[in-house]
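Q: Submitted below is the structure of interest, expressed as structure tokens.
A short reminder: the numbers here are calculations on the coordinates, not readings from a lab. Note that the coordinates shown come from a computational prediction; the quantities given were computed from them, not determined experimentally. We place every Cβ from the backbone using ideal geometry, glycine too, and count neighbours over all the protein chains shown.
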Amino acid sequence: MFDQVAAGYDRTNTVLSVGNATLWRVATTRAVAPRPGERILDLAAGTGTSSASLARSGAHVVAADFSPGMIEVGRKQQADVPNIEFVVADGMALPFGDDEFDAVTISFGLRNIVEPQTALAELFRVTKPGGRIVICEFSKPIAPIRSAYYWYLKHIMPPLAKVVSSNVPAYDYLFESIESWPDQKTLAGWLRAAGFTDVKYRDLSAGIVALHKGTKPLAARPAERPAAEEK
């Protein structure tokens with residue numbers, strides 16, 4: 001599905017988010033606070049738009065995604081950014097060593113992973129002690145706008161997707177995945193269960209999106225692999 005939407009992915013995101021995708025990316029980059037010389041993993045990087053934002057700091061960014069189609073488009077679109085490395089990778093079995101990255105981040109991809117808690121355990125494993133995690137993901141908006149937001153997702157977004165997307169059913173999935181995704185406190189709990197400390201979150205766009213942050217302790221215990229029934 002993601003292979004099929006890769007070519008127009010960034011344009012579609014901009015239209016369907018009414019321009020907010022750019023603002024969310026800026027907020028995520030600031031939260032990661034990349035520094036020159038750091039090694040940063042951008043999981044579910046798609047076409048590397050978020051990776052390019054991180055790479056402007058001078059950090060070396062590994063843009064990893066499960067979709068070969070996304071990676072192929074990303075390599076072409078970000079060909080002029082020398083400090084981005086594109087890798088096809090499964091978020092539940094990352095092909096990286098322990099304690100490898102100064103920071104790890106994932107934007108709008110965690111809910112697309114079959115076992116998100118397993119992915120968090122993997123992200124914990126590859127983060128250096130003292131390193132940080134930043135997650136930007138759709139969440140539960142505040143009550144005053146929640147009904148209007150879900151009405152937009154159900155009635156306005158599908159016609160828009162028909163105009164700007166090459167794969168309309170993919171955006172039916174988008175609505176379903178957003179609607180069924182847990183709230184901010186639940187995701188914060190998953191981060192703590194994975195082993196991260198100093199876990200905090202803040203709402204963006206009235207909770208339509210939430211930005212979660214955490215730190216891997218200097219004396220980190222191994223992350224616990226969640227049982228299937230806990231998903």
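Q: Among 179-186, 24-31, 62-69, what's the highest-first ranking by average C-beta atoms within 10 angstrom per residue? Numbers along the way, then the final one.
A: On the way: 179-186: 12.8, 24-31: 18.0, 62-69: 21.8.
Result, highest mean first: 62-69, 24-31, 179-186.
Q: Using the 10 angstrom Cβ neighbour count as an exposure proxy, how do 204, 187 rank, fewest first? Working shown, then result.
A: Working: 204 17, 187 21.
Ordered by Cβ neighbours within 10 Å, fewest first: 204, 187.
Q: Taking 25 Å as the cut-off for C-alpha to C-alpha distance, list the pairs among 185/216; 154/213; 76/140; 140/200; 76/200 that go past it. All intermediate terms of the calculation are to be shown ahead of the outcome.
A: Working: 185/216 19 Å; 154/213 30 Å; 76/140 35 Å; 140/200 16 Å; 76/200 35 Å.
Check vs 25 Å cut-off fails for 154/213; 76/140; 76/200.
Q: Now for a different question. Express in nm, to one decimal, how much length is gained between residue 90 and residue 193 on full extension, taking 0.36 nm for each residue of separation and deducting their alpha carbon distance.
A: Details: separation 103, 0.36 × 103 = 37.08 nm, distance 2.08 nm.
Result for the pair: 35.0 nm of gain on full extension.
Q: Hey, another quick one. Based on the mean of other beta carbon atoms within 10 Å per residue, what is the order of 112-118, 40-46, most packed first?
A: On the way: 112-118: 18.3, 40-46: 27.3.
Ranked from most to least packed, the peptides come out as 40-46, 112-118.
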